[in-house]
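> My structure is below; once you've seen it, I'll send some questions.
The values are calculated or read from the model by the stated rules, or taken from the named source; none is laboratory data. All values reported here derive from a predicted model rather than from experimental measurement. So basically every Cβ, Gly included, is an ideal-geometry build from the backbone, and we count neighbours across all protein chains shown. What goes into the accessible areas is simple: the full protein's heavy atoms, side chains included, and nothing from ligands, DNA or RNA. Shrake-Rupley method; radii C 1.70, N 1.55, O 1.52, S 1.80 Å.
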Amino acid sequence: MGAFPPPREGNHYYYYYNAGPPPRNPGPPDDDRDALAREGKLDIQRPESFTGRDPRKWRTFLTQCLNLFQAKPVTFQLNNARVAFAASYLQGIAFDHYTALLRFEPQSPVLSNWQSFVNEFST
């Protein structure tokens, strides 16, 4: 019995087997995708900027952030997403302090842990 397929000079045979459909693009599972779509339609009030000049306004700022996190739990399920969001509403001396942490203490837990962030700016 001869070799299969019969060898031919100069020609190469490549066999492809059907391995099924290509893998799906990595991304959030369908449930998360649906939840993100629903959350995107919610019109929740954004917090007012916090400058740090009036510490009494911190509680209001924090409550507004927590309200948004509660309404959009999938979007803000990670600590660093919460910190990044809240930090984007810092101004004045609060923003300067956050910027100094970014520049000089990039490994600080304040930059990635929500409770550390809250504790830092509560004092």
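> Any residue in the stretch 76-104 that's among the aromatic types (Phe, Trp, Tyr): show its pairings with residues that are open to solvent by less than 50 Å² (accessible area, probe 1.4 Å) at Cβ separation under 6 Å, as long as the two are six or more apart or on different chains.
Close Cβ pairs satisfying both conditions: Phe76/Phe69; Tyr89/Pro47; Tyr98/Ala87; Tyr98/Leu90.
> In addition: Only helices (runs of 4 or more DSSP H) wholly contained in the stretch 6-123 count here; list those with 1 or more residues that are at pLDDT 95 or above.
Values: elements: 30-41, 57-71, 79-87, 92-104, 114-122.
It comes to 57-71, 79-87, 92-104, 114-122.
> Follow-up. Do we find that Leu102 is open to solvent by less than 30 Å² (accessible area, probe 1.4 Å) and either in contact with a helix residue (DSSP H, G or I) (Cβ under 8 Å, 6 or more places away or on another chain) or farther than 13 Å from Trp58 by Cα (or both) in this structure?
Values: open to solvent by less than 30 Å² (accessible area, probe 1.4 Å): no; either in contact with a helix residue (DSSP H, G or I) (Cβ under 8 Å, 6 or more places away or on another chain) or farther than 13 Å from Trp58 by Cα (or both): yes.
When the stated conditions are applied, Leu102 does not pass them.
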